[in-house]
Structures are given as C-alpha cells and as structure tokens.
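The values are calculated or read from the model by the stated rules, or taken from the named source; none is laboratory data. The structure displayed is predicted, hence computed values, not measured ones. Cβ sites come from the backbone with ideal geometry, for glycine too, and all protein chains shown count toward neighbours. In case anyone asks, the SASA skips ligands and DNA or RNA and just uses the protein heavy atoms, side chains included. Shrake-Rupley method; radii C 1.70, N 1.55, O 1.52, S 1.80 Å.
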Amino acid sequence: MAASNELERQLERAAGQLRHHFGEVNYEALIILGSGLNAVAEKLSDVSTLAFSQVEGMQASTAAGHVGQFVSGKLAGHHVLVMQGRLHGYEGYTAQGVAYPVWIAARLGVPLLITSNAAGALNVDYQVGDFCLMSDQINLTGRNPMAAAQPAQIYDRFVGMYEAFDPELRDRVVHVARERAISLQVGVYVGLLGPSFETPAEIRMLQLLGGDSVAMSVCEEVIGARAAGMRVVGISLITNMGCGIEGSNPTDLEVHDVGATRVDDFYQLLEGILAS
Ligand code: HPA
C-alpha cells in the first residue's frame, strides 16, 4: 500500500534503516530508558547500537543522562529494542517528534512499549527509590502527537485512552515486584512540559488533581503507542519528593544518583514483564 504522506514515508525509511542495521528481529518490546536508568542497556546480551542521529527523521537526544541511541539485544533471552535516552518536549521536539521513535517501533511490528522515567513524588507516602507503576496518566504538557495532519492519516486521531496502561501487564508487574521484594507503588502519573521543576504551589495543585508522581516525559509516547495499537507499561523511579514536600528542592543531579542504585531491580521488573 502506498504511503499516505511524508511522515509515513519517513517512518518507512527509518524502520528500513533499523532492519538493515539490526537484521530482521521480532522484538517483544520497545523499552525506553529514562534518566538514571540508561545503564540497564549494559545488562543486555548480543547487543548492537545505532545512534538516534543516524536515523532518518531523528536528531540526537541532548538531555543529560540520556545516551541517545537505539540498542538491539536480548534481555533474559527476549529480543528487545531499547532506547537509551529519549526525546523530550523541553528539548524543542514537537509532540509528534517525541512519538516518532515509538512509531518506528510500531512499523517494525513491536507489540509492546515499556516506558520509564525518573519522577518526583506527589504522594507523601512514597519514598525516594520506590518504583511507581503508572495506573493512568494526566497529560498536562498541553501537547498531543495526534494533533497534527499527518499522524491522523496513518492512525485514528481520536485515540481511546481507557486502560491506556495494560491492566494484565500491570497485574504482572505488581506480582513480580511482590515476589522479588522490590518496592513498588501504583499511582497516577502527571506529565508536564518542564524543563523548570515545579513550584511548591504547583505541587499542591497536582496533588489536588489526583496525581501521585510527576515528571517531564512519557505522556506523548503513551498516546503515540496507543494510537498505533501497542500495549503499554509505564514505570517511574521516584528520585525525589515533589518540590516543597518535606523541604524538597529537586535538582537534576539527584535524579541520576538515585537511578544508579536501582538499575538491578529495574532489570528484574523488565525480566518479569517479558517472562509473561
Ligand atoms: N519534577 C519533574 N520532573 C522530575 C522530577 C520532579 O520532581 N523528578 C524527576 N523528574
């Protein structure tokens, strides 16, 4: 079938580049590694890499702690495509640009997106170092990858967002965390554009809105993946309490420090998801 527009032609060329570089692989998941969690990719076997900057339609990720490459490899025997680093709206990417690599994976037939990030806690019962499984999201970025002409010619523009985070796989993550004694919370994720951290007043507002965690990524990826019919799992690593909670004043540095200590447990959660 002929491509309907330039975006689709670009996605087809990008998917072709990945196929050419990594070979014909039936990936079980696209895993996006957020701040502090990039080192998970070092635990894969049979690895090969391709810089984002080499891929049609993508530029390098500029955010600190984000390597900016695709990694193809095996995680506990499962073929996975990993993004070591991601594209953020605050780097100047459009919402469509943020969803673009997810759509490349969709074109490769990848059925599942596992997206991760570092987040601040809104829920005062959470602790730094907890993982938080996203039960739902509140997209406060003000942006949406489907709010453009070209994506809507490829996918249904009016994406249903009921149970956007796959209920069966959520149960699975909870089960794995319990089995392996990994501290996991389950809550509503709030995505903002950033890049400034929130004010204490904004944190209080987000608590009133029903959020449990907050960060500057994920929402556009999730919408893009649902538009493409992919199942989605979202996991945050709580790296700090939200600004003003218990005197917290988050900086970018602590986000990476906490990540380094939780890489092994995150790998175990991934292993558990893929084993199902
Ligand atoms: N706010 C927004 N983004 C974040 C935070 C936070 O407190 N921590 C890590 N990413």
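Would you confirm whether any residue within segment 232-239 is open to solvent by 10 Å² or more (accessible area, probe 1.4 Å) and touching a residue at least 24 places away in the same chain (Cβ under 8 Å)? Write out each step before concluding.
Narrowing segment 232-239 to residues open to solvent by 10 Å² or more (accessible area, probe 1.4 Å): none.
No: zero hits.
Of the helices (runs of 4 or more DSSP H) entirely within segment 157-276, those holding at least 1 residues that are within 10 Å of the ligand (Cβ to nearest atom) and not β-branched (Val, Ile, Thr) occupy 200-208, 252-274. In this structure, is Ala147 among the hydrophobic types (A, V, I, L, M, F, W, C) and in contact (Cβ under 8 Å) with a residue 24 or more places away in the chain? Criteria met by Ala147.
Which of the strands (runs of 3 or more DSSP E) found entirely inside segment 12-92 contain at least 1 residues meeting this: within 16 Å of the ligand (Cβ to nearest atom) and open to solvent by less than 40 Å² (accessible area, probe 1.4 Å)? Give the derivation first.
Values: elements: 29-33, 45-51, 69-75, 78-84.
Correct list: 29-33.
Going through Leu169, Leu108, Leu113 one at a time, which residue ends up being within 16 Å of the chain's Cα centre (by Cα) and closer than 23 Å to Leu87 by Cβ?
Working: Leu169 fails: closer than 23 Å to Leu87 by Cβ; Leu108 fails: within 16 Å of the chain's Cα centre (by Cα).
Sole residue among the options that is within 16 Å of the chain's Cα centre (by Cα) and closer than 23 Å to Leu87 by Cβ: Leu113.
Suppose we keep only residues that are open to solvent by 20 Å² or more (accessible area, probe 1.4 Å) and within 30 Å of Ala15 (Cβ to Cβ) within segment 105-135. Which one would you say is nearest to the ligand (Cβ to nearest atom)?
Top of the filtered list is Ala106.
The residues of segment 204-225 that are out of contact with any Gly (no Cβ under 7 Å at 6 or more places or on another chain) and open to solvent by 30 Å² or more (accessible area, probe 1.4 Å), listed by number, are Arg204, Met205, Gln207, Leu208, Leu209, Gly210.
Among the residues of segment 136-149, those that are outside any loop (DSSP other than H, G, I, E, B) and either away from the ligand (no atom under 16 Å from the Cβ) or surrounded by 24 or more Cβ atoms within 10 Å (Cβ to Cβ) (or both) comprise Asp136, Ala149.
Restricting attention to segment 80-134, the residues being among the polar types (S, T, N, Q) and over 20 Å from Gln54 (Cα atoms) number 5.
Ala152 falls short on exactly one of the conditions (1) in contact (Cβ under 8 Å) with a residue 12 or more places away in the chain; (2) outside any loop (DSSP other than H, G, I, E, B); (3) open to solvent by less than 40 Å² (accessible area, probe 1.4 Å), and that condition is (1). Scan segment 252-262 and give yes if some residue there is without any contact (Cβ under 8 Å) to a residue 60 or more places away in the chain and open to solvent by 20 Å² or more (accessible area, probe 1.4 Å), otherwise no. Yes: one or more hits.
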